[in-house]
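*Asks:* Below is the structure I would like to discuss, written out as structure tokens.
The values are calculated or read from the model by the stated rules, or taken from the named source; none is laboratory data. In this text the structure is predicted, and so the values were computed from the model without any measurement. Backbone-built Cβ (ideal geometry, glycine too); neighbour counts: all protein chains shown. Just so you know, the surface numbers come from the protein's heavy atoms only, side chains and all, with ligands and any DNA or RNA stripped out. Shrake-Rupley method; radii C 1.70, N 1.55, O 1.52, S 1.80 Å.
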Amino acid sequence: MPEFHRLFHSVAQALPWLDVADEPWRWLGGLPDALAALRAAANPEEWVLDGEAMIHRGATLEAGAILKGPVWIGPGCRVAAHAYLRGGVVLCPGATVGPGCEIKTSIVGPGSRLAHFNFVGDSVLGADVNLEAGSILANHWNERGDKTIRLHVAGKVLLPGLEKLGALLGDGVRVGANAVLSPGTVLGEGAVVPRLGLVDQDRI
């Protein structure tokens, strides 16, 4: 949809191997195959290949970071101690993942920052997104019998056909400390979530 193309223009520029005609949740579903193809074509002078992890030689990983591939870590990225990346994760150039963060099946846009002790599940973050300490991007309706993800975009309700999808955050979004974004949250460029805030766009 055009709304998503605008929302993630910077991500598509940073990752030209993504199909810009696809919805962002299809990007997430296709990460294992896409990252396998990138590993197969990687230049060993530019990339370190470690199992299913592909790490640019200009990235920094602290001791104790855990990578359970497939994982793609771009140039200038920093991953702190005890961060846990799993299930298909892409860190665009210049992204920072602080200590104790968990990222599952997500794309983190250029220059975006996870402070520490964040959970980001099945999400796409644009450029220059900042998550303060302890903020959570939830990806599953634990409390509902109906687990269906519904996205509320431009006055429409979209059904991606998934039971796990976190947040879709445009460039420059700011999420305050200990805030929670409920499954299927969509926030446009420059949106601000206050500390201890709850975003629940699909109230049923």
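*Asks:* Could you please tell me which pairs satisfy a Cβ distance under 9 Å, a separation of 6+ or placement on different chains, a first residue in the stretch 77-103 that is at positive phi, and a second residue that is at pLDDT below 95 and of a type outside the set (Asp, Glu)?
*Replies:* Gly87/Gly69; Gly88/Gly69
*Asks:* Separate question: Are there strands (runs of 3 or more DSSP E) fully within the stretch 8-73 with at least 2 residues that are under 23 Å from Asp171 (Cβ atoms) and under 18 Å from the mean Cα position of the chain (by Cα)? List them.
*Replies:* 71-73
*Asks:* Identify, please: which residue in the stretch 36-68 is of a type outside the set (A, V, I, L, M) and under 17 Å from Cys101 (Cβ atoms) and is, among those, least open to solvent (accessible area, probe 1.4 Å)?
*Replies:* Gly64
*Asks:* In the stretch 156-190, how many are touching a residue at least 24 places away in the same chain (Cβ under 8 Å) and either open to solvent by less than 60 Å² (accessible area, probe 1.4 Å) or hydrophobic (A, V, I, L, M, F, W, C) (or both)?
*Replies:* Looking only at that region, the number is 24.
*Asks:* Can you pull out the residues in the stretch 71-84 that are in contact with an Asp or Glu (Cβ under 8 Å, 6 or more places away or on another chain) and either within 12 Å of Ile107 (Cβ to Cβ) or surrounded by fewer than 16 Cβ atoms within 10 Å (Cβ to Cβ) (or both)?
*Replies:* Within the stretch 71-84, Val71, Ala81 qualify.
*Asks:* Looking at (1) touching a strand residue (DSSP E or B) at 6+ places or on another chain (Cβ under 9 Å); (2) at positive phi, find the lone condition where Gly64 falls short.
*Replies:* Evaluating Gly64 over (1) touching a strand residue (DSSP E or B) at 6+ places or on another chain (Cβ under 9 Å); (2) at positive phi leaves (1) as the failure.
*Asks:* Check Val193, Val153 and return the single one that is in contact with a helix residue (DSSP H, G or I) (Cβ under 7 Å, 6 or more places away or on another chain), surrounded by fewer than 24 Cβ atoms within 10 Å (Cβ to Cβ) and more than 21 Å from Gly30 (Cα to Cα).
*Replies:* Going through Val193, Val153 in turn, just one is in contact with a helix residue (DSSP H, G or I) (Cβ under 7 Å, 6 or more places away or on another chain), surrounded by fewer than 24 Cβ atoms within 10 Å (Cβ to Cβ) and more than 21 Å from Gly30 (Cα to Cα): Val153.
*Asks:* If I go through the stretch 20-35 residue by residue, how many of them are over 19 Å from Leu151 (Cβ atoms) and open to solvent by 40 Å² or more (accessible area, probe 1.4 Å)?
*Replies:* The qualifying residues number 2.
*Asks:* Taking the options Ile103, Ile204, Ile136, name whichever one is open to solvent by 60 Å² or more (accessible area, probe 1.4 Å) and either within 12 Å of the chain's Cα centre (by Cα) or of a type in the set (A, V, I, L, M, F, W, C) (or both).
*Replies:* Residue meeting the stated conditions: Ile204.
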